[in-house]
Amino acid sequence: MTTATNLLRAERIKLFSTRAPWWCLALALAAPLGFTALFFALAGPEIPPTVGNTQLASGNGRTVLVVLAILATAAEFNWGTMRLTFQAVPSRVPALLAKVVVVGAVGAGLGLLVGFGSWGLATLVNPDADLALHSGEEWRSVLGQSLVFLLAAVAGVGVALLLRSVAFALTAVLVWTQVLEAVVVFIPGAGKHIYQWMPFHAADQFVGAGGLGAGALQLPAAPLGPWGYLGYFAAICVALFVAGVLVTAKRDA
């Protein structure tokens, strides 16, 4: 128990010993909140003010969180601090588990702030809209952001462990989230069906943040329900982390 506590404390200190994580957290919170405020202030009557729509910009914060997870992990390989960590913990796996627990906890907390912050800000900007959390679906849209952000942080750590380079890992994640998932839907014929299985689209389906996009793109019926999509997204994120741990355990630091 003492060893685990020390590992968690060490990872917490390493994570917040530079300014980059603080800037990432600030941006990950400001971006979705700012977009939500503008959206609900400027949206016309053709866009319904629903609880799900308060979470439309959550993907922006989620992407920044993945960037934070990559910086917190891959930068240690770039600067050589991971080698010192593995000298102190030769088995490696406990140190990596401690890192993902700390980064994941930060992600879960950030998800709560983004979810409830976006919802609360929307109610202030549009007080006439009925945005009360009446149903389990509406609670899932807001509270579920905590789970989605936690899993996104796990995926970020996994990608960083696999690629071990800040530049490569950031390029891979940003190209995937900002380009590939956006353009795959336009592939003639199968594009819309492939898009239904994109990881971050799955995350949006769980929290109900993809309603407007699905309508505009005329997507076919979703192959999974919200909780099925969460399980699918979780499986991908955990698989990335497990693969990263296995590769790291066998390679030189």
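Quick notes
- Matching residues, region 183-198, being surrounded by 12 or more Cβ atoms within 10 Å (Cβ to Cβ) and among the small types (Gly, Ala, Ser): GLY191
- Filter result for ALA221 (surrounded by 20 or more Cβ atoms within 10 Å (Cβ to Cβ), hydrophobic (A, V, I, L, M, F, W, C) and modelled with pLDDT under 95): no
- Residue selected from region 1-33 under the condition of a type outside the set (A, V, I, L, M, F, W, C) and within 18 Å of the chain's Cα centre (by Cα), by the criterion surrounded by the most Cβ atoms within 10 Å (Cβ to Cβ): PRO32
- When THR177 is tested against (1) touching a helix residue (DSSP H, G or I) at 6+ places or on another chain (Cβ under 6 Å); (2) of a type outside the set (A, V, I, L, M); (3) in a loop (DSSP other than H, G, I, E, B), exactly one condition is not met: (3).
- Counting residues in region 87-102 that are within 23 Å of LYS250 (Cβ to Cβ), in a helix (DSSP H, G or I) and modelled with pLDDT under 90 gives one or more.
- Meets criteria (within 18 Å of the chain's Cα centre (by Cα), more than 19 Å from VAL245 (Cα to Cα) and either of a type in the set (Lys, Arg) or assigned to a helix (DSSP H, G or I) (or both)) for GLY156: no
- Condition met for ALA167 (surrounded by fewer than 16 Cβ atoms within 10 Å (Cβ to Cβ), under 30 Å from GLY80 (Cα atoms), out of contact with any Pro (no Cβ under 7 Å at 6 or more places or on another chain) and not hydroxyl-bearing (Ser, Thr, Tyr)): yes
The values are calculated or read from the model by the stated rules, or taken from the named source; none is laboratory data. These numbers were taken from a predicted model, which means no experiment stands behind them. A quick note on method: Cβ atoms are made from the backbone with ideal geometry, for glycine too, and the neighbour counts reach across all protein chains shown.
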